[in-house]
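*Asks:* Here you go, one structure.
The values are calculated or read from the model by the stated rules, or taken from the named source; none is laboratory data. All values derive from a computational prediction rather than experimental measurement. Reconstructed Cβ throughout: ideal geometry from the backbone, glycine too, with neighbour counts over all protein chains shown. SASA here: full protein model, heavy atoms, side chains in, ligands and nucleic acids out. Shrake-Rupley method; radii C 1.70, N 1.55, O 1.52, S 1.80 Å.
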Amino acid sequence: MRPRLILATFAALIAGMLVGGASPAGAVPTPTDFWLNKHFMNMAHQGGELEAPGNTLYAFKTAIRDRGADTLEMDGYLTQDGVFVITHDLSTNPTSNSSVADPGAQINTRTLAQLKQLDFGWKFTPGKGHYGYSEDDPHPYRGIATGDKPAPEGYTAGDFKIATFREVLEAFPDTPLNVDMKAPGGDPGMSVTAATEVAKILADYPERSEDVIVASFYQPALVAFHEELPSWKALSVGEGGPGNGGLFDYVLQGTPMQPNPVALQPPDWIYLGDWMEPINLIKRQPDHTDYAIHVWPNDHDPEQDTPPYYRRQIELGVDGIFTQVPAKLHEFLCEEGIPRPDGSPRCAAQECPEGMVGIQPECTHVDWGSVLKGLKMKPKKRKIRAGKKVRIKVVGKVIPGPMRRKFRVRLRSSNRQVKVPKSVVIRIKGKTAQATFTVRATRKARGKAKITARSAKFKAVTRLKVIQPKKKTRR
């Protein structure tokens, strides 16, 4: 994957961080927690372009059906006749046969009808994708789109042609998606124009507002999309620039991103005199846990898309990886016992024996083991005075069983001056399990704090506002 961030801008960002950035101006609740209440996500970049022809319906379908992907990432531009189509490059030459049939072809200078004549499986080679194309490599899907070769069973020639965004939405009504409105370096404003059309398309799919993330490297495109369709909940954030309400402002100053995203999607590494991991900078912001963090490999790490690499990203707290090889990531997640985003088994090796629930190796007998089915905290919001304590209740929804009477829940505060225990044990009574714990604000506490309670599968949040005691005045 080629880097998508402007390094000079990020260099300024880091310089500001190292000098000392401002503290957060106050967290803004994200429009939806759909992307947070999930286990780790296997996100197929272009449908996994090293395993199938990138950004084609064939790649997307096989990524979900056969290669273990949980969600699909895709890119798009407007055609000459104003149709938003799915493809990574503005030129059609890197991925199709246009270098033979129409070498000057670009997405924005050709109509949809013209683009539908091209073969987007033409340059694909297994394990290599279209990168470093050589005519001497095998090209197993070449000619299917044009009808010169039969399609694999269960697929059609159309699955190897360029797809419109509407076609993808119709083909994947229940699969979480991430669509990037591309902003080519020579004309990033193309993504702003595309934003209006993408908003019109998605206005016809209001039920997808939470599970389809609209993304762009160029922050003005996301602003334009939000102005056109303000009801849409799931957005990423562009790099932006000082004062543009993008990732730059958030990491440098802690200021709220506008429009408010549900996910931050940086590269895994970035070079600024030396290589560093941007996620460590994001984690300096106390409210970073309000956002899902999805990283994409930028080709720096020699262990990219290997088990050590996956393990490192998970340890850093990444919520998902945009991978070029979803089948390989799926195999790792299966072996590590990491379930599907909804907590269900990812593969046969994780399935529990009959009469038990959960995933291996932590299966629970349905007939005797209590099962935790949900978690919440009471109250959801409250005030706390600096130097004082408050009590918070954790409540779990339970399917009761006679052999398990309690669950341990981990606790965390986003504000270092607002203290919570490391964990609390909730004890079962009837169909609930609950416990109360103490939150203590130091005298130095300021601002807000998000208190998070986590079990293996569930998370609950309560938000506190720190109130400073009134200063006594002498008469």
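*Asks:* Out of the residues in the range 413-434 meeting the condition of being under 20 Å from Ala386 (Cβ atoms) and part of a strand (DSSP E or B), tell me which one is least open to solvent (accessible area, probe 1.4 Å). Talk me through it step by step, then tell me what you get.
*Replies:* Filtering the range 413-434 down to residues under 20 Å from Ala386 (Cβ atoms) leaves 413-421.
If we keep only those that are part of a strand (DSSP E or B) too, we end up with 413, 418-419.
Numbers: Ser413: 29, Val418: 3, Lys419: 86 Å².
Per the stated criteria, the residue is Val418.
*Asks:* Does Lys161 satisfy the condition of being open to solvent by less than 60 Å² (accessible area, probe 1.4 Å), within 15 Å of Tyr77 (Cβ to Cβ), modelled with pLDDT of 95 or more and not acidic (Asp, Glu)? Walk me through it before giving the result.
*Replies:* Working: open to solvent by less than 60 Å² (accessible area, probe 1.4 Å): yes; within 15 Å of Tyr77 (Cβ to Cβ): no; modelled with pLDDT of 95 or more: yes; not acidic (Asp, Glu): yes.
No: the conditions fail for Lys161.
*Asks:* Going residue by residue through the range 345-352, is there one that turns out to be free of Cβ contacts under 8 Å to residues at least 60 places away in the same chain, in contact with an Asp or Glu (Cβ under 6 Å, 6 or more places away or on another chain), surrounded by fewer than 19 Cβ atoms within 10 Å (Cβ to Cβ) and over 30 Å from Glu228 (Cα atoms)?
*Replies:* Narrowing the range 345-352 to residues free of Cβ contacts under 8 Å to residues at least 60 places away in the same chain: 345, 348-352.
Filter once more, so that each one left must be in contact with an Asp or Glu (Cβ under 6 Å, 6 or more places away or on another chain): 345.
Okay, now just the ones that are also surrounded by fewer than 19 Cβ atoms within 10 Å (Cβ to Cβ), so 345.
If we keep only those that are over 30 Å from Glu228 (Cα atoms) too, we end up with 345.
The answer is yes; a qualifying residue exists.
*Asks:* Residue under question is Ile359, and the condition is that it be surrounded by 19 or more Cβ atoms within 10 Å (Cβ to Cβ) and over 28 Å from the mean Cα position of the chain (by Cα); does it hold?
*Replies:* Judged against the criteria, Ile359 is not a match.
*Asks:* Which residues, counting only those in the range 423-456, are closer than 20 Å to His288 by Cβ and among the charged types (D, E, K, R)?
*Replies:* Correct list: Arg446, Lys448, Lys450, Arg454.
*Asks:* Criterion first (in contact with a strand residue (DSSP E or B) (Cβ under 8 Å, 6 or more places away or on another chain) and more than 20 Å from Glu362 (Cα to Cα)) does Lys459 satisfy it? So that I can check it myself, show each step before the final result.
*Replies:* Details: in contact with a strand residue (DSSP E or B) (Cβ under 8 Å, 6 or more places away or on another chain): yes; more than 20 Å from Glu362 (Cα to Cα): no.
Here the answer is no, as Lys459 does not meet what is asked.
*Asks:* Name the residue that is surrounded by the most Cβ atoms within 10 Å (Cβ to Cβ), counting only residues in the range 373-402 that are charged (D, E, K, R) and farther than 30 Å from Pro469 by Cα.
*Replies:* Here is the first cut: in the range 373-402, the ones charged (D, E, K, R) are 373, 376, 378, 380-383, 385, 388-389, 391, 393, 397.
Still in the list and also farther than 30 Å from Pro469 by Cα: 373, 397.
Values: Lys373: 12, Lys397: 14.
This residue is Lys397.
*Asks:* Further question: I'm trying to understand the selection: among the residues of the range 297-312, which are modelled with pLDDT under 95 and polar (S, T, N, Q)?
*Replies:* Correct list: Asn298, Gln304.
*Asks:* Here's a check for you: in the range 156-175, which residue that is part of a loop (DSSP other than H, G, I, E, B) and in contact with a Leu (Cβ under 8 Å, 6 or more places away or on another chain) is farthest from Asn55 (Cα to Cα)?
*Replies:* So in the range 156-175, the residues part of a loop (DSSP other than H, G, I, E, B) come out as 156, 161-162, 172-175.
Among the residues that remain, those that are also in contact with a Leu (Cβ under 8 Å, 6 or more places away or on another chain) are: 161-162, 172, 175.
Values: Lys161: 10, Ile162: 8, Phe172: 14, Thr175: 15 Å.
In this case the residue turns out to be Thr175.
*Asks:* Another question about this same structure. Filter the range 196-212 for residues that are out of contact with any Phe, Trp or Tyr (no Cβ under 7 Å at 6 or more places or on another chain) and outside any loop (DSSP other than H, G, I, E, B); which is surrounded by the most Cβ atoms within 10 Å (Cβ to Cβ)?
*Replies:* The first filter runs over the range 196-212 and keeps only residues out of contact with any Phe, Trp or Tyr (no Cβ under 7 Å at 6 or more places or on another chain), leaving 196, 200, 203-208, 212.
After this cut, where a residue has to be outside any loop (DSSP other than H, G, I, E, B) as well, the list is 196, 200, 206-208, 212.
On the way: Thr196: 17, Lys200: 13, Pro206: 10, Glu207: 8, Arg208: 18, Val212: 25.
My answer is Val212.
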